[in-house]
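All remarks here apply to the structure that follows.
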Amino acid sequence: MQQVLETTPENPPPNMATPANPAQVESTADDGHSFLIENGHSFLIEKSYRVPVPPAVFMGFIANPANDLRWQSSCDRVQPDQPGQSCRTGSTYRIWFAFFGKKMEFQMRCDQRQERTFSYTTVKGPVSFSGHYQLQPGEGDATDVTWSFRVIPGRFFGVVPRSLLKKALCKQIDNDIARLQDLMQALADSPAND
């Protein structure tokens, strides 16, 4: 399930770990996304999916920014401030993205890393965003993932209509998560995991 909410400074987003109020969600066409329209200041996207590896394996992968290059199609480069280490609470890294014809550099901070929780936020960059992963053991060795992503595009994308920006972002997220699931399937199928 995926939802995209738009918020304003006067109407901040709900807690990122809390799903949107279904009574406020407006369904769109047949693309499987839903949107809450609140004057278009920011988007909150929530996506739930399953990966075929245990939570500890998934956390080890997702909390290492260098792995973003392997599954995020817009990620151009990553430079950890602590090379060779996964993120820990308080650690920082730089990441470069190319999205919608724009090249962007960000300084990121890991806000929380626990056994089943990982969150990050921008410290510096042209667009403000944050993300939160919540992991639960699934059937067998699988992990059920709930990911929330909040972005405040501001005026960085100029006159691009918000509806077009949302559509492009949702499509990229769907493709990136499919790539991530494929990587996790290959990891689950590798002889090292037998």
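The values are calculated or read from the model by the stated rules, or taken from the named source; none is laboratory data. Everything numeric in this text was worked out from a predicted model, so none of it was measured. No Cβ is skipped: glycine too gets one built from the backbone with ideal geometry, and neighbour counts run over all protein chains shown.
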Here the qualifying pairs (Cβ atoms under 6 Å; residues six or more apart or on different chains; first in the range 78-107 and more than 20 Å from residue 58 (Cα to Cα); second small (Gly, Ala, Ser) and not in a strand (DSSP E or B)) come out as 82/91; 97/74; 98/74; 99/74; 100/168; 106/125
Those residues of the range 63-77 that are under 23 Å from residue 114 (Cα atoms) and in a loop (DSSP other than H, G, I, E, B) come to a total of 3
Picked from the range 75-91 (must be of a type in the set (S, T, N, Q) and surrounded by 17 or more Cβ atoms within 10 Å (Cβ to Cβ)), the residue modelled with the lowest pLDDT is 86
Can you spot a residue in the range 97-111 that is aliphatic (A, V, I, L, M), assigned to a strand (DSSP E or B), in contact with a Pro (Cβ under 9 Å, 6 or more places away or on another chain) and at pLDDT 85 or above?
yes
Residue 69 vs. criteria in contact with an Asp or Glu (Cβ under 9 Å, 6 or more places away or on another chain), on the phi < 0 side of the Ramachandran plot, surrounded by 16 or more Cβ atoms within 10 Å (Cβ to Cβ) and not small (Gly, Ala, Ser): no
Residue hits (the range 147-171; assigned to a helix (DSSP H, G or I) and either modelled with pLDDT of 85 or more or of a type in the set (D, E, K, R) (or both)) are 162, 166, 167, 171
Restricting the range 99-147 to residues that are of a type in the set (S, T, N, Q) and under 16 Å from residue 77 (Cα atoms), the one surrounded by the fewest Cβ atoms within 10 Å (Cβ to Cβ) turns out to be 107
Of those in the range 168-184 that are out of contact with any strand residue (DSSP E or B) (no Cβ under 8 Å at 6 or more places or on another chain) and not small (Gly, Ala, Ser), the residue farthest from residue 144 (Cα to Cα) is 171
Exactly one of 182, 141, 174 is at pLDDT 95 or above and outside any strand (DSSP E or B), and that residue is 182
